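The values are calculated or read from the model by the stated rules, or taken from the named source; none is laboratory data. Predicted model, so just to flag it, every value in this text is computed and none were measured. Cβ placement follows ideal geometry from the backbone for every residue including glycine, while neighbour counts extend to all protein chains displayed. Just the protein is used for accessible areas: all its heavy atoms, side chains included, with ligands, DNA and RNA removed. Shrake-Rupley method; radii C 1.70, N 1.55, O 1.52, S 1.80 Å.
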Amino acid sequence: MNWLLHRLLALWVRFKVVPEDAAAKLQGRTNPVCYVLERRSATDLAVLQNVCARSKFPRPHRRLPGHGGNLHSYFYLSRLRGFWNERLDRRPPQQIAQLLHLLDADPDLDVDLVPVAVYWGRAPQREKSWFRLLLGENWALTSRLRKLPQVLFNGRDTLVEFEEPISLRSLVGEESGLAVRGRRVARALRSLYVQRRTARIGPDLSHRRTVVTRVLRTRAVRVAVTQLMKEKNVSRRAAMREAVRYAKEIAANYSHVFVRFFEPVLTWLWSKLYDGVDVGHLETLERVAQGNEIIYVPCHRSHMDYLLLSYVIYVNGYAVPHIAAGINLDLPVIGRFLRMGGAFFIRRRFRGNGLYTVVFMKYLAAIMARGHSIEYFIEGGRSRTGRLLKPKTGMLSMTVRSFLRDPVRPVVFVPVYFGYERIVEGATYVGELSGKPKEKETVLGLLRSLGRLREKFGRVHVNLGEPIALDEVLDRHGPWRERRFEDDTRASWVAGAVDDLAARIMRNINAAAAVTPVNLLAMILLAMPRQALPEADLERQIDLYRALLGGIRYGERVTVTGLGGREVIAYGESMKVLQRQTHPLGDILRMSDESAVLAAYFRNNVLHLFAMPSLIACVFVRNSAVRHEDIRRLAGRIYPYIAAELFLNFREEELPEAVDGMLAELARHGLIESEPERAVWRRPPPATMQAMQLSILAQATIQTVERYYLAIALLLEAGSGAITQSVLEERCQLAAQRIAMLYGLNSPEFFDRSMFENFIDLLRRRDVIRSNGGGTLEFDEVLMRVAADAQFVLSEQIRHSILQVTHA
C-alpha cells in the first residue's frame, strides 16, 4: 500500500523544497540521518519519499543500525487517535526511546534528526479556487476524510520544508532516565514545529470571542472597570458593558479563508494599478521570522500601504500581520473585511479614557503573547509631503511596556519603506497642504476612487529595512532583565528607550529607500525655476545623481533604478511626468504646473539621500572658494537640524569623516576642485557644465535652509522675550505663504506649519532658544551664529527677499 501511494502521489503532487540549499545540508553526512514528521500521515511520508528520491537525499525507509535492523530512518512526533483522527496523542513516540537505546549502546554513535514539515497549499504561488481555500494548511487536526480532498485540490502546490539537522545527543543533555530524556527530545522538537508553523501560516488562532474574553478577565481591566463605576456612578454591569464595547470595537477577526480568497483579488488589483511590485531584501524575514515576535513598522504614504505589505508578506510564505488601523477606516462592510484580514482598530486619541486605554493595551499584549506579528505606522497618519513625519510613540510605548511585563519571546522591529511612482491620493494631498480640510473616509468616496483603476501608477517598491532587536535597545537604557514589571510599574528610563527606538526606526526606514526614475526627475526638474531643462542636460544630471548615489553609500539597503539617463527620460514621458517641446537647438523637457506640485512629494521621498552633498554644494552658491575647515564647521552647525527633519543616519561625531568623503566624491565628478596647499575647495568656472550641475544639486536643500533663515529672521525681528512659539509658528507659515505667492514657489510644503514647529522645537532642545516663565521665547548670541551660518549659504537676493517679507 505504501509503494502504491508513493507512486500515485508522484504522478499528482508538485512540491517546492525550502530552503534552496537543503541538498548541501543533507548530502554526504557522516552520522545516520533520521527524519521527523510532525504528525502521523502516510501521504506526508510518501511525499517525503518522493522528495528524497528526486533530490538524492538519504531515503526515509533506510534502516538504522541496531534493533535487528527494524528501525526506519523516520518517525512521527505525534499520532492521531480515534476512528476519525479527532484526538492528538502527544506522548513521546516509541522510536525516540529506541534511538536513545542506540546511543546508550554505542557512545561513539550520534544520529542527526531532520525535522520535515509538509504544507498542503501553502507554497508561495498558491491556490486560486474556493475548494483550495477551504482545504489549505492550518492548525486544525486533519482527519482521514479531509486529507483526501486536501491532496486532490492542493497537491499541485505543496511546500516541503527541511530544518537544519539536529544532533540527538545535543538534545538529550545530562538527563539520566530514559523516559525523561525522551520527553525532553519530544518537547524540543514540538517547540521547533510550533515556531516554523507560526512563521509560515501564522499563530494558532482562537475565535475572536476567546481573545476578547481573555482581555476582559485581566486584573488591569477589572480595576479600570471598578474605577469607571466610581467616576460615573454606574453599575458594574454597565461599566463591564462599556469594556466589552471597547474590546469589540478594537479586536480583529482574522480568517485564513478570507485572506486566501482575497489574495487573487489583490493580485488582480495590483496588475490593474501598477506595472509591478518590487520587493527588496526579503531575506530579512527568513532571518528573523523564527522564534521572534515581529513588529512591522512601515512609513505611511498611502492607504494602499495596508494591503501592499500584507500581500507581499503573504505571497512570500509568511504569516499576515495584525494591523493597527485608524478607527476612521472601520466603515460599513469595509471594516468587517479589514478585520477579517487582520486589522484591529485604534482611536486617534484616547487620552483621558482610562478604560479604553487599558483594554487596548491588554488586547495588544494578548496578541503579542500569542505570537501574532503586528504592523503599525509609527508616523500615526499618512505623510502629505512625502517626507517622514515626526514619529508618534504611543503604540511603540505600549509595545515596549507589554514586552517588559511579559517577555515571552524576543521582539524584533522590521522597518519598511514604500516607494511609489504615483499615488492614488496625490491630488487630495496637494489640496490639504493648500488649506483645504481633510476629506473624511466614506464608502461613497471609496466607490468614487474605483474609477482611477484605469490610470497608470507605474511600479511600486517595498523595501525591508535593517531589523532592530528590542532587547538590545533596552540593554543600553536600563536594567530591565533584573526586575519584574507590573501594570503599575514605572521606570524613568523607558521613555528615553522608546524615543531612541523611534529614531532608529525612522533612520532605518530612510536607509532602505528605493530611488525610482520619477524620484530622479522630480529631484532635478524642481531645482529649475520653470521646471525645465534641455534634454542633454537632463540626461547628464540623471547619470550624475545615479553615480553620486553609488559613490556616497547612504545605506546598504538603498536601491537605485537601473535605467540610464535616456531610459529615465523615456520612462518619464510614458508616465506623463514629462512634456517634450521640440526646438531646433535641442528638445526641452518640462513638467506641467500640476505635475510639479505632485513631483515635490516624490522628490521628498529621497531628499535625505541627497541632503548632505546638496548642503555642501550650497556652500558654493555665493562663495567661489571655501576653506576645508569652514565647510566642516558649517556642516556641523546646520546638520543637526537637517538630520532631525530628514532622519539622516550619520551621527554627529561621524560627520567630519562623512563630509570629507562627500567632498572627495564631488571632486571625482569635477563638481569642485581642491587646492591642497591652501586647504581650500573651489567651484568650477561659472560657464562650465560642472558649475551648472553643482548649482542644480544645491537647490535640493536650499529651500530647507531658507525656511530655517525665515524662522530665525522673524524671531530676531520680534526680539528676545517678545513672542510665543505658537505666534512664531503662525507668522512663519504666513510669511512662507507670502514668499511662495511673490516668487512663484509652487510647493505647498514650503509653508507647512509642522515644518516650522519641528524646527523651533529642535532649537529649544538644543538650548539655542528658551521659553521663559511667561511662555515667550528668549535667545542670545548662539542664535546669531546660526543666522550667520545661514547667511553664509544663502545668496544675497534670497536673503533680501526673506527680510523684505519679515519686515512687512
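At a glance:
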item	result
Amide H partners (placed H, <5 Å) of Glu375, local residues excluded	Tyr296, His322, Ile323, Ala324
R0 of 35 Å, Cβ-Cβ distance Ser55-Val333: FRET efficiency to nearest 0.05	0.15
FRET efficiency, Leu563 to Val424 (Cβ-Cβ, R0 22 Å, nearest 0.05)	0.35
Accessible area of the chain belonging to carbon and sulfur atoms, whole % at 1.4 Å probe	53
Under 5 Å, built H, 5+ apart or other chain: amide partners of Lys16	Thr158, Leu159, Val160
Reported label for calculated percent of Cα pairs over 45 Å apart given (1) 44; (2) 37; (3) 40	(2)
Highest to lowest packing among 48-58, 613-623, scored as the average C-beta count within 10 Å	613-623, 48-58
Cα pair distances of segment 728-788 binned at 10 Å [whole percent]	21, 41, 30, 7, 0
Counted charge near Ile542, where neighbours are those whose Cβ lies closer than 14 Å (Asp, Glu -1; Lys, Arg +1)	-2
Normalised contact order of segment 694-808, rounded percent, pairs of Cα under 8 Å and 6 or more residues apart	37
Whole-angstrom Cα spans of segment 582-698 along principal axes, big to small	47, 34, 22
Relative contact order of segment 483-641, pairs being alpha-carbon contacts under 8 Å that are 6 or more residues apart, as %	27
Cross-link reach list, aspartates and glutamates versus Lys576, counting only Cα pairs under 12 Å and skipping chain neighbours closer than eight places	Glu421, Glu455, Glu594
Largest-first principal axis extents, alpha carbons of segment 529-585, Å	42, 21, 20
Accessible surface ranking that places the most exposed of Leu171, Leu538 first, with a 1.4 angstrom probe	Leu171, Leu538
Gained length - Asp660 relative to Asp278, 0.36 nm times residue gap less alpha-carbon distance	134.1 nm
Beta bridges by DSSP in the chain, antiparallel share as percent, to the nearest 5	50
Rounded tilt (10° steps) of 236-250 against the dominant C-alpha axis of the chain	80
Charge dipole of the chain about the Cα centre (unit charges at C-beta), most positive-ward option of Tyr429, Val151, Ala224	Val151
In degrees, nearest ten, helix 796-807 long axis to first principal axis of the chain (Cα)	90
Largest to smallest accessible area among Glu539, Glu594, Glu293 [probe 1.4 Å]	Glu594, Glu539, Glu293
Cα long-axis angle, helix 593-605 against the chain (0 to 90 degrees, to the nearest 10)	60
Stretchable slack from Glu573 to Glu432, in nm (0.36 nm times residue separation minus alpha-carbon distance)	48.0 nm
Label-point separation, Asp761 to Arg351 (7 Å along Cα→Cβ), nm	1.2
Solvent-free Debye scattering, log10 I(q)/I(0), computed from the Cα coordinates of segment 371-436 at q = 0.29 Å⁻¹	-1.40
Members of Lys248/Lys392; Lys272/Lys392; Lys230/Lys392; Lys25/Lys147; Lys362/Lys392; Lys232/Lys392 lying beyond 22 Å, as alpha-carbon distances in this model show	Lys248/Lys392; Lys272/Lys392; Lys230/Lys392; Lys25/Lys147; Lys232/Lys392
Solvent-accessible area per residue, Å², over the chain with all protein chains present [probe radius 1.4 Å]	45
Relative packing of peptides 724-737, 98-111, 371-384 - highest average C-beta neighbours within 10 Å first	371-384, 724-737, 98-111
Reciprocal of mean inverse Cα separation for segment 328-408 (Kirkwood radius, Å)	14.3
